[in-house]
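These notes are about the structure you will find just below.
The values are calculated or read from the model by the stated rules, or taken from the named source; none is laboratory data. Remember, predicted model here, so these are calculated numbers, not experimental data. Because the Cβ atoms are built from the backbone with ideal geometry, glycine has one as well, and the counts that use them run over all protein chains shown.
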């Protein structure tokens, strides 16, 4: 499955409109901006920080999950952020 197809599929699953492209979030649902990662490694803290500050993303969907540092960062500094591993909410 290509990353473009995975992004579109997850945007629809989260009831958002797929946007994508450089400098844009992967999907938008109202005021919520989401990022989708179709990586074979877990998403780390720095990726979450960069997308939050640069794109304003408050939802992250990852095929491979998240590192413990990323989960701890969201718990401590971004309590309104949602993390999803595949279809289940991690935080």
What are the residues in the stretch 1-46 that are under 17 Å from residue 90 (Cα atoms), under 11 Å from the mean Cα position of the chain (by Cα) and part of a helix (DSSP H, G or I), if any?
10
Which residues, taken from the stretch 47-57, are outside any helix (DSSP H, G or I) and under 18 Å from residue 88 (Cβ atoms)?
none
Taking the stretch 70-91 as the search range and keeping residues that are surrounded by fewer than 13 Cβ atoms within 10 Å (Cβ to Cβ) and touching a residue at least 12 places away in the same chain (Cβ under 8 Å), which one is nearest to residue 14 (Cα to Cα)?
87
If I go through the stretch 40-62 residue by residue, how many of them are in contact (Cβ under 8 Å) with a residue 24 or more places away in the chain and over 16 Å from residue 20 (Cβ atoms)?
10
Residues of the stretch 7-28 being in contact (Cβ under 8 Å) with a residue 24 or more places away in the chain and more than 13 Å from residue 56 (Cβ to Cβ), which ones?
7, 10, 11, 13, 14
Of everything in the stretch 17-52 that's over 18 Å from residue 65 (Cα atoms) and modelled with pLDDT of 90 or more, which residue is surrounded by the most Cβ atoms within 10 Å (Cβ to Cβ)?
27
Of (1) farther than 24 Å from residue 1 by Cα; (2) assigned to a helix (DSSP H, G or I); (3) at pLDDT 90 or above, residue 80 fails just (2)
Quick test of your reading of the structure: residue 59 fulfils all but one of (1) under 13 Å from the mean Cα position of the chain (by Cα); (2) surrounded by fewer than 17 Cβ atoms within 10 Å (Cβ to Cβ). Name the failing condition by number.
(2)
